[in-house]
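Let me begin by presenting the structure, written as C-alpha cells, before commenting on it.
The values are calculated or read from the model by the stated rules, or taken from the named source; none is laboratory data. None of these values were measured; they are calculated from a predicted model. Heads up, the Cβs are rebuilt from the backbone with ideal geometry, glycines too, and the neighbour counts pull from every protein chain shown. Please note that ligands, DNA and RNA were not included when accessible areas were found on the heavy atoms of the full protein model with its side chains. Shrake-Rupley method; radii C 1.70, N 1.55, O 1.52, S 1.80 Å.
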Amino acid sequence: MQTRREQILAAAAELFARHGFHGVGIDEIGAAVGVSGPALYRHFRSKDAMLGEMLTSISETLLAGGQERRDAHEPGEVLGALIRFHVDFALDNPALITVQERNLGNLTDPDRRRVRALQRRYVEVWVQAIRDTTDGVDEPTARAAAHAVFGLINSTPHSRHLGRDGMATMLREMAVSALAGVRPGQQGESGLPAVS
C-alpha cells in the first residue's frame, strides 16, 4: 500500500513524464491524487522538492539494487545480474526513467549534487563488473560502455511492441551484445555472460 507521499510522487512522475516539469502545475498534481494543489504543501514544500525527492529516490534505488547484485554474485556473474536488474527497473518504471532522463537540469543545486553523486556510485558498480568480465578493459572504456548501455536500456521505457517479457528479453540480449563490443584497446575478446 502506497503512502500519500508515494502516491503524490507517482502521480507527479506520470505528469512530468507526459508534459515536462515546467508544463505541470501543483493543482494538476493535486487533482491527480484527489486533493487541492495547496494541500500538497502538507507533504512537500514545493514542486522542486517533489522532483528532488523523486530523482534522489530513483538514484538510491538503482544504487542499492546494483550493490545488492554485486554482493550476491561472483564477479563474473555480476554484469548479467546488473543488466537484468536495470532492464526490469526501466520497464517497470517508465515514467521515472523518463523524468530522470529529462529533468536533472531542473533540480536545485543541492539535489543535483546528491543525485549526481549517487549516479556516479551506481556507474562504478557497472564499471567494476565490466572490467571483471572483459580482460584488459581500462576504466574510461568501461565507464563509456556503462553509459552506452544505460542509454540503450533507458531509451525504450514506453515501448511495448513486444509486450513486457518480450521487451525485457530483447533489451537484455541487446545489452549483452553491446557490451560484447567492448575491447581492450583495439584487440581482445569478451567473455560476457548470458542473461536470459
Response to the item:
Of 101-110, 26-35, 58-67, ordering from highest average Cβ density within 10 Å down gives 58-67, 26-35, 101-110
Item to complete: Heavy atoms only, probe 1.4 angstrom, no DNA, RNA or ligands counted: give me SER46, SER177 ranked by accessible area, highest first.
Response: SER177, SER46
Worksheet item: Relative to the longest principal Cα axis of the chain, at what angle does helix 75-92 sit, 0 to 90 degrees, rounded to 10?
Response: 30
Practice prompt. Report, in degrees rounded to the nearest 10, the 0 to 90 angle that the Cα long axis of helix 139-154 makes with the longest principal axis of the chain.
Written response: 50
Discussion item. Starting from 0.36 nm per residue, how many nanometres of slack lie between SER46 and ASP71 once their C-alpha separation is accounted for?
Written reply: 5.3 nm
Discussion item. Quick check on the chain: helices-only [θ] at 222 nm, where DSSP H runs of length 4 and up contribute -39,500 (n - 2.57) each and the sum goes over total residues. Nearest 500, please.
Written reply: -23500 deg cm²/dmol
Worksheet item: Given the C-alpha centroids of segment 104-124 and segment 1-75, what is the distance between them in whole angstrom?
Response: 15
Worksheet, complete the sentence: The Cα radius of gyration of segment 33-123, divided by 2.2 N^0.38 Å with N its residue count, comes to 1.27
Discussion item. Run the numbers for ASP27 and LEU162: contour at 0.36 nm per residue of separation, minus the present Cα-Cα distance, in nm.
Written reply: 45.0 nm
Fill in: Degrees, to the nearest 10: 109-133 long Cα axis against longest axis of the chain
20
Worksheet item: Per residue and in Å³, how big is the convex hull formed by the alpha-carbon atoms of the chain?
Response: 128
Worksheet entry | Residue-normalised accessible area of the chain, expressed per residue, 1.4 Å probe, Å² | 51
Fill in: Solvent-accessible area, 1.4 Å probe, carbon plus sulfur percent, for segment 43-186
48
